[in-house]
Every structure is written in structure tokens, then in C-alpha cells.
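The block underneath contains the structure these notes are about, expressed in C-alpha cells.
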Amino acid sequence: MIKKFLSPEICAECKGCCFFGKDDAWEIPAECYPRAFGGDGTVRCPRLSESGCALGDGKPFECKLYPFRVMNMGDNRVIAVSTYCPEIRTSPLSALLEFAESNRAEMLSEAEKHPGSIKDYRGGYVVLKAL
């Protein structure tokens, strides 16, 4: 799904979404949770290989969708996007909104199949669409 918006080459080169600090450990999918954080409080996803995700097409839904995310905001679900992704920071807001709208039904359907992927809203994400 995300390949419709971000090129796999750009993602493979960056891999920034595969590194976490203790403050963003809530974002780590259960299938990828590390055994321990490094002394500096960071960790690399244990599924990350030189060629990208070792899980391939079997990677967790959160990873397939990142930097977009389906989140709970109060009693509502929203589609949000992380500005941590460098490609998102350079994308026009109109393109982000269009992607969220045109993929809304698919994102929500997939998120419902993976309820553990739906996290409560936290700062750092830009809400694009209320569902």
C-alpha cells in the first residue's frame, strides 16, 4: 500500500523507521520487539538486514503502512502521518491528504484485521483524516 506513495528505493536507502529510542518503543510492532535497548537508549529493529526487512512481504501491518498510521483519537479513528520520515517532510500536504482519502477504506480494513497496530494518538503525528 505504501509503495503507492513512497518508492521502495527511498525507503531502503533511509531505513530510519527501523531505529527506535526508548521514548518511541510504543511504535515497535510486537513481532519485531528487541530483547534489549543499547546503552544509548536506542535499538535497531532485529528484523532489519542489509537488504531491508528480513520479513519481506510478511512484515507487520504497521511497517507496511509507515509513515502513515491508523490511530485512536478519543472515540474516533484517524489516519495520521509521521513527520519523522524525510520523504514526508518534503511531500506537499495536498499529496498526503489525497493518499489518505484514496486509501482510507483499505487502511481501515487492514487496521481492523490487525487491532494491535491501532495505537492511541500521540504527538509527532499529523492527523490527515478522521474516519
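Do we have any residue at all in segment 46-61 that's within 20 Å of residue 23 (Cα to Cα), surrounded by 13 or more Cβ atoms within 10 Å (Cβ to Cβ) and under 13 Å from the mean Cα position of the chain (by Cα)?
no
For segment 35-93, give me each residue that is assigned to a helix (DSSP H, G or I) and not aromatic (Phe, Trp, Tyr).
Passing the criteria: 56, 57, 58, 62, 63, 64, 65, 86, 87, 88, 89, 93.
For segment 72-102, enumerate the residues that are in contact with a strand residue (DSSP E or B) (Cβ under 8 Å, 6 or more places away or on another chain) and of a type outside the set (A, V, I, L, M).
72, 76, 77, 82, 83, 99, 101
Which number in (1) of a type in the set (Phe, Trp, Tyr); (2) closer than 20 Å to residue 16 by Cβ; (3) surrounded by fewer than 19 Cβ atoms within 10 Å (Cβ to Cβ); (4) at pLDDT 90 or above marks the one condition that residue 66 misses?
Residue 66 satisfies all of (1) of a type in the set (Phe, Trp, Tyr); (2) closer than 20 Å to residue 16 by Cβ; (3) surrounded by fewer than 19 Cβ atoms within 10 Å (Cβ to Cβ); (4) at pLDDT 90 or above except (3).
Let me spell it out: the conditions are (1) of a type in the set (A, V, I, L, M); (2) in contact with a Pro (Cβ under 8 Å, 6 or more places away or on another chain); (3) free of Cβ contacts under 8 Å to residues at least 60 places away in the same chain, and residue 96 meets all of them except one. Which number is the exception?
With (1) of a type in the set (A, V, I, L, M); (2) in contact with a Pro (Cβ under 8 Å, 6 or more places away or on another chain); (3) free of Cβ contacts under 8 Å to residues at least 60 places away in the same chain applied to residue 96, the lone miss is (2).
Please tell me if residue 28 is touching a residue at least 40 places away in the same chain (Cβ under 8 Å) and surrounded by 14 or more Cβ atoms within 10 Å (Cβ to Cβ).
no
Working only within segment 1-25, note down all residues that are in contact with a helix residue (DSSP H, G or I) (Cβ under 7 Å, 6 or more places away or on another chain), at pLDDT 85 or above and crowded, with 17+ Cβ neighbours inside 10 Å.
6, 20
Quick one: how many residues across segment 26-43 are farther than 19 Å from residue 117 by Cα and of a type outside the set (S, T, N, Q)? Break it down into steps so the answer makes sense when it comes.
Narrowing segment 26-43 to residues farther than 19 Å from residue 117 by Cα: 35-43.
Those left that are additionally of a type outside the set (S, T, N, Q): 35-41, 43.
Within segment 26-43, residues that are farther than 19 Å from residue 117 by Cα and of a type outside the set (S, T, N, Q) number 8.
Select from segment 94-131 the residues that are in a loop (DSSP other than H, G, I, E, B) and out of contact with any helix residue (DSSP H, G or I) (no Cβ under 9 Å at 6 or more places or on another chain) and write down the one among them that is modelled with the lowest pLDDT.
123
Can you find a residue in segment 109-118 that is within 16 Å of residue 26 (Cα to Cα), buried (at least 16 other Cβ atoms within 10 Å of the Cβ) and of a type outside the set (Phe, Trp, Tyr)? Working first, answer last.
Narrowing segment 109-118 to residues within 16 Å of residue 26 (Cα to Cα): 114-118.
Those left that are additionally buried (at least 16 other Cβ atoms within 10 Å of the Cβ): 117-118.
If we keep only those that are of a type outside the set (Phe, Trp, Tyr) too, we end up with 117-118.
Yes, segment 109-118 has at least one match.
The values are calculated or read from the model by the stated rules, or taken from the named source; none is laboratory data. No experiment lies behind these values; they were computed from the predicted model shown. Using ideal geometry, Cβ is built from the backbone for each residue, glycine included, and neighbour counts are taken over all protein chains shown.
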